[in-house]
1. Mind telling me which of the residues Ala20, Ala13, Ala38 ends up being part of a helix (DSSP H, G or I), small (Gly, Ala, Ser) and farther than 24 Å from Glu186 by Cβ?
2. When you scan segment 136-151, how many residues do you find that are part of a strand (DSSP E or B) and either more than 16 Å from Ser57 (Cα to Cα) or over 19 Å from the mean Cα position of the chain (by Cα) (or both)?
3. Could you list, in sequence order, the residues of segment 99-119 that are of a type in the set (A, V, I, L, M, F, W, C), touching a residue at least 40 places away in the same chain (Cβ under 8 Å) and under 28 Å from Leu5 (Cα atoms)?
4. Are there any pairs with C-beta distances below 6 angstrom linking a residue in segment 120-135 that is assigned to a helix (DSSP H, G or I) to a residue that is surrounded by 21 or more Cβ atoms within 10 Å (Cβ to Cβ), with the two at least 6 apart or on different chains, and if so which?
5. Taking segment 23-35 as the search range and keeping residues that are open to solvent by less than 10 Å² (accessible area, probe 1.4 Å) and part of a loop (DSSP other than H, G, I, E, B), which one is farthest from Ala139 (Cα to Cα)?
Amino acid sequence: MRLILVRHGDAHAGFHGPIAGPTGCRGLTALGRAQAVALCDHLAASGRVQADVLVASVLPRAIETATLIGPGLGLEVLYQDCGLCEVHPGGADGVDWSEYNDRYGSFDMEAEPDRPFAPGGDSWNGFHARVHATLERLAREHAGQTVVAVCHAGVIMASMRLLLGICDPATSAHLRPTNTGLTEWERDQSGGSWVLRSYNEATHLVGLAAMERPDDQSVAIPPDAAG
């Protein structure tokens, strides 16, 4: 089984404006749509991925990206999977980042890994448990297939921590997957192990303007948890 994780395109989501759960997410920017179209064209021209299944998280920015790249794979989105979502913000969904500390108090998810982001939301440990369960479920349900899953930076980074055995995030570097970058895992069905085949392939973005959104450090959460 091959699992190709694709980060969504540049989106109206980050550490400014509304916290972008299902309510707060406003989809892709113009750049994000251009990135997704560039990936679609690359997939169609190169034949890099011969996929059997295309899935996406339930967040608008992932669904929009998956819909745009689908023609390059010759696929439509088969289903939306909440297990592929970024950190669930719970009651903070749609709340402006500038109001977060006043409502919920400042904290560091890595330092307090069992504290939820907000009531009804994920904790650091809960998020990683969800991602791990989702990866294993996809491997079981799509044995022998190639699955393209459009998801989020946090999910891709969690896959690296979980499947490469990086146990202590306090001692690890933070990787930042590029918008629409491809990360490929292969599951050994006989032994049950995972092999990392590629990380953050993004040659399709050559020639597109790069836009970096500055991080707001007023809330100490991992930098991959907003994407």
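The values are calculated or read from the model by the stated rules, or taken from the named source; none is laboratory data. What you see is a predicted model; the values in this text were computed from it and never measured. Please note: Cβ atoms are built from the backbone with ideal geometry, for glycine as well, and neighbour counts cover all protein chains shown. Each accessible area value is taken on the protein alone, full model and side chains, heavy atoms only, with ligands, DNA and RNA left out. Shrake-Rupley method; radii C 1.70, N 1.55, O 1.52, S 1.80 Å.
1. Criteria check complete, one pass: Ala38.
2. So the count comes out to 1.
3. Once the filter is applied, which keeps residues that are of a type in the set (A, V, I, L, M, F, W, C), touching a residue at least 40 places away in the same chain (Cβ under 8 Å) and under 28 Å from Leu5 (Cα atoms), segment 99-119 yields Met109, Ala111, Phe117.
4. Note: pairs meeting the criteria are Trp124/Met109; Phe127/Val87; His128/Ala158; Val131/Val155; Val131/Ala158.
5. Among those that are open to solvent by less than 10 Å² (accessible area, probe 1.4 Å) and part of a loop (DSSP other than H, G, I, E, B), it is Gly24.
So that you can scan it fast, the table gives a plain yes or no per residue for (1) crowded, with 20+ Cβ neighbours inside 10 Å; (2) in a helix (DSSP H, G or I); (3) without any contact (Cβ under 8 Å) to a residue 24 or more places away in the chain:
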residue	(1), (2), (3)
Gln50	no, no, no
Leu54	yes, no, no
Val58	no, no, no
Ala62	yes, yes, no
Leu68	yes, yes, no
Pro71	no, yes, no
Leu75	no, no, no
Val87	yes, no, no
Gly91	no, yes, no
